Amino acid sequence: MGLELPKYPEMEEDQVFNFTDSEIVSHVKQALASVLSGDNNSYNQLVGVMHHSKHLAPDEVALLETTLKALAGAVSSIDITYHDSLLSAIFCMSMWNYGPHVADALAELIVSLAISNGKYLDLCLGMLVSNFTPPPYFLDKLKMPHGLERKGQVLSRVHAAFKKIADYVPLAPLRLLTIVLQGMPTIYHKDRAIVIYVENMLKLESGEIGELVGSTILMAVVDRLIELDVEIGWDAILQDDFSKGIFEMELEDVDDIEESAEPDVGEFRLSRKSLAGNSIAELLDNLLVLTFEHLESCEREGRLAKVFETLLQSFQVTVLSAYKSKFAQFVMFYACALDPENCGMRFATMLADLFVQDSQPQPTRMSAVSYLASYLSRAKFLAASSISSMLKRLVDWCLEYCEAHDGDINPNAHRVFYSGCQAIMYVLCFRMKVFVDVPRLKSELLIPLEQVLKHKLNPLKVCLPSVVEEFLRQAKAASLFTVCKTFIFDGLLESELSRAFGGLERLDTFFPFDPCLLKKCDR
């Protein structure tokens, strides 16, 4: 095929001729070789072409495309020592600045360099990763159709290049993983830049490269969600009216709130309004939505079970140990909702296992049962039989604990026990009706529970008054059992005893799956 080689900066008009592809490559090789003899003129012209980026005339676009293609055919002549300025110019190029033809030629050159010499592998992978996000000037264009079109053109070429390189260099995915993790924007970068970067990470996770590095990438995404989560302090979402009972709380500023017979539980008084304008919350919201969409695609592709194992591991390592995480845990909740029978029960079982294991640290056990209680209460997608099986494990454990301990009230010494009792009562505040009408469940759960609640350890006096009060109100209405002692709480949210068993972490007031206050991911 014949190509017209556009003139280099110092060519005269009558010096432009038609060249074949091989002749163009030869011309570029001569320019590269001339550096060794001290003649840098042609080489400098070659480097100058690489710096053409914005507002290019048609002949400049043609020159750049042709030169890039020629360089791809001459990679064996490129030397990392003699041609460092050329390589630097190439690796600083952004596909976002060019149309599809130049972007194709640039991707071809990067792939050729990567597979030609191991010295270039990290540089080439780093250049491709740098194209995850557009230059700052282009961010606002992502709101417009042509900006989204360019985004699709660039990212499809970037990921195609990754695959080609990995096909020739088996170790490339592991090198890529390191570069991707190191290049991940901080939480203080531009919102859209971080979202696009994470979008590319999830795209890698779902591709062939993800078979090798996908789990690590997914865990890194969850880690970033937690980092954002902890940046949003509880003070940012709590109002000052702490006297409200938690079963009287409701989300504010939701246009389509419907009256419901079930209690709406929250930690103190929660408000979506207080998060308005919080840039960290908005970023976290966008990333959660992106992650939810990724999980949906995993479910469609039949990969959710595999991905969920990674999420479980990440949850235990990162989320469970985070101090009263507010939003990141909803990734688990969403995944469970997509597959209640498998993922949903796998999550509940893991939490119950952690709670009953004496070898686990107290905070881990208490946090696990807080998650389990909130999950069983809020996960409407779980079958009643699944909920009852989990509650039975908790009731059985608490009953065995009572039989093994004959002491009196001691919130500090029996923190795990009281957290288990509160979890049971909390779930029943939401699910009481399920068990009242089933005689078998009543005998398996409620009769043993009565023994626990009447034990000398007296969980009704130690657990959160607001939870106990609502539980007793519903139990009395259902005529389940009677409590000989009358408790007067006067609308208290908490007590000295509940604060004591909750500890510094205040795990007695932790209900992690209360309605999510983030605007987008709660829809």
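The values are calculated or read from the model by the stated rules, or taken from the named source; none is laboratory data. Since the model is a prediction, treat every value here as computed from it, not as a measurement. Because the Cβ atoms are built from the backbone with ideal geometry, glycine has one as well, and the counts that use them run over all protein chains shown. Heavy atoms of the whole protein, side chains included, go into the accessibility calculation; ligands, DNA and RNA do not. Shrake-Rupley method; radii C 1.70, N 1.55, O 1.52, S 1.80 Å.
A few notes on this one:
- Test result for Arg175, more than 19 Å from Ser297 (Cβ to Cβ), open to solvent by 40 Å² or more (accessible area, probe 1.4 Å) and modelled with pLDDT under 95: no
- Per-region count, segment 426-457, residues closer than 20 Å to Cys402 by Cβ, β-branched (Val, Ile, Thr) and either within 40 Å of the chain's Cα centre (by Cα) or outside the structural domain of Met390 (by the TED database) (or both): 2
Residues checked against (1) under 18 Å from Leu391 (Cβ atoms); (2) open to solvent by 50 Å² or more (accessible area, probe 1.4 Å); (3) modelled with pLDDT of 95 or more; (4) not small (Gly, Ala, Ser):
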{"site": "Phe333", "(1), (2), (3), (4)": "no, no, yes, yes"}
{"site": "Met345", "(1), (2), (3), (4)": "yes, no, yes, yes"}
{"site": "Leu351", "(1), (2), (3), (4)": "yes, no, yes, yes"}
{"site": "Asp358", "(1), (2), (3), (4)": "no, yes, no, yes"}
{"site": "Pro361", "(1), (2), (3), (4)": "no, yes, no, yes"}
{"site": "Ser367", "(1), (2), (3), (4)": "no, no, no, no"}
{"site": "Ser370", "(1), (2), (3), (4)": "yes, no, no, no"}
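- Once segment 212-243 is narrowed to residues that are in contact with a Ser or Thr (Cβ under 9 Å, 6 or more places away or on another chain) and assigned to a loop (DSSP other than H, G, I, E, B), the residue that is modelled with the lowest pLDDT is Gln239.
- Listed by first and then second residue, the pairs linking a residue in segment 394-412 that is within 13 Å of Leu445 (Cβ to Cβ) to a residue that is of a type in the set (Phe, Trp, Tyr) and open to solvent by less than 40 Å² (accessible area, probe 1.4 Å), with Cβ atoms under 9 Å apart and 6 or more places separating them unless they lie on different chains, are Leu394/Phe355; Trp397/Phe355; Trp397/Phe417; Cys398/Phe417.
- Search result, residues across segment 137-153 that are open to solvent by less than 30 Å² (accessible area, probe 1.4 Å) and in contact with a Gly (Cβ under 8 Å, 6 or more places away or on another chain): Phe138
- Single residue of Ser94, Ser116, Ser130, Ser156 found to be surrounded by fewer than 20 Cβ atoms within 10 Å (Cβ to Cβ) and over 31 Å from the mean Cα position of the chain (by Cα): Ser116
- Helices (runs of 4 or more DSSP H) contained entirely in segment 438-523, each with at least 3 residues that are modelled with pLDDT under 80 and out of contact with any Gly (no Cβ under 7 Å at 6 or more places or on another chain): 496-502
- Members of segment 184-205 found to be surrounded by fewer than 18 Cβ atoms within 10 Å (Cβ to Cβ) and either under 23 Å from Tyr168 (Cβ atoms) or hydroxyl-bearing (Ser, Thr, Tyr) (or both), listed by number: Thr186, Tyr188
- One residue alone among Leu181, Leu123 is assigned to a helix (DSSP H, G or I), open to solvent by 40 Å² or more (accessible area, probe 1.4 Å), closer than 28 Å to Lys306 by Cβ and among the aliphatic types (A, V, I, L, M), and that residue is Leu181.
- Candidates Leu174, Leu139, filtered to the one that is without any contact (Cβ under 8 Å) to a residue 40 or more places away in the chain and aliphatic (A, V, I, L, M): Leu174
- Residues of segment 35-71 satisfying the condition of being over 46 Å from the mean Cα position of the chain (by Cα) and open to solvent by less than 20 Å² (accessible area, probe 1.4 Å): Tyr43
- Screening segment 399-416 for residues that are assigned to a helix (DSSP H, G or I) and farther than 18 Å from Met350 by Cα and picking the one that is most open to solvent (accessible area, probe 1.4 Å) gives Glu403.
- Exclusive hit being part of a helix (DSSP H, G or I) and at pLDDT below 95, set Val129, Val61: Val61
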